[in-house]
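Encoded as structure tokens, the structure appears first; notes follow it.
The values are calculated or read from the model by the stated rules, or taken from the named source; none is laboratory data. The structure presented is a predicted model; accordingly, all values stated were derived computationally and were not measured. Cβ placement follows ideal geometry from the backbone for every residue including glycine, while neighbour counts extend to all protein chains displayed.
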């Protein structure tokens, strides 16, 4: 008989281990779907094992921003640190799996700025002050360099290219972006909002773009319903939510005089709802032209 194994302390520890294995969170059992994207570069080695996070524990890594990522369908994050041999330089990379291409674009568009220094990598990326951020399909990647001096940009581009090459499929923006008119468009101002669009929980899957034209600033938007019926229902709910404003039914849809957005022009075609916001009174004809162009851009 093994007397040590039957010692009360040993029995207690065995019971604790069995209890822990039974109750530990499900995310500890999940295999990483992102680890295969980690790059391998000559002269660079991993520092410790990569850390993996899921929706249940993302707040442990980005406490203040976790909810934004989760609201865009975040699935998994892997964090890895690389160090170059015989040098103090190291690179930390974060790769977020956002579930699908639109959600990836959504979180990327939320954090980029139109005047960022954009580069050709993946779907799109930008480089500034020792940091490179890019989008490739459903993956959103952030790379940060430390103590790398003038070589930082080159190192970050090398890492990014290796990651991007591992992402399958075509790296393109969502097709809805092409429905926006081009004249006056503020380049790289397009965004995707998955839920609570325009501040309403019944509106979702919204794209926006900013415009500057003839001294005027305004925005265009579109929402994509699951089908024509849902789009019709969303439009009806939105107009009803604005019933305390001045609303006019027009040949193209609705014209709302809003206390916050000035003139709002609305129309629907199929599963899409189109709108123009912040149009001043003397610029309504232009707003209607932009609304018509978006409608015409929808292929039957």
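Quick look at the values:
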item: Flag for residue 174 being closer than 19 Å to residue 68 by Cβ and either modelled with pLDDT of 95 or more or in contact with a helix residue (DSSP H, G or I) (Cβ under 7 Å, 6 or more places away or on another chain) (or both); result: yes
item: Selected residue (criterion: farthest from residue 170 (Cα to Cα)) from residues of the range 57-86 that are touching a residue at least 40 places away in the same chain (Cβ under 8 Å) and outside any strand (DSSP E or B); result: 85
item: Count of residues meeting criterion [out of contact with any strand residue (DSSP E or B) (no Cβ under 9 Å at 6 or more places or on another chain) and not in a strand (DSSP E or B)] in the range 103-145; result: 4
item: Any hit, the range 218-231, residues being surrounded by 14 or more Cβ atoms within 10 Å (Cβ to Cβ), within 27 Å of residue 174 (Cβ to Cβ) and without any contact (Cβ under 8 Å) to a residue 40 or more places away in the chain; result: no
item: Some residue of the range 146-168 being at pLDDT 95 or above, within 24 Å of residue 275 (Cβ to Cβ), in contact with a helix residue (DSSP H, G or I) (Cβ under 9 Å, 6 or more places away or on another chain) and surrounded by 17 or more Cβ atoms within 10 Å (Cβ to Cβ); result: no
item: Inter-residue pairs, beta-carbon under 6 Å, first closer than 16 Å to residue 145 by Cβ and in the range 29-52, second modelled with pLDDT under 90 and surrounded by fewer than 16 Cβ atoms within 10 Å (Cβ to Cβ), 6+ apart; result: 43/85
item: Boolean, residue 95 is surrounded by fewer than 18 Cβ atoms within 10 Å (Cβ to Cβ) and outside any loop (DSSP other than H, G, I, E, B); result: no
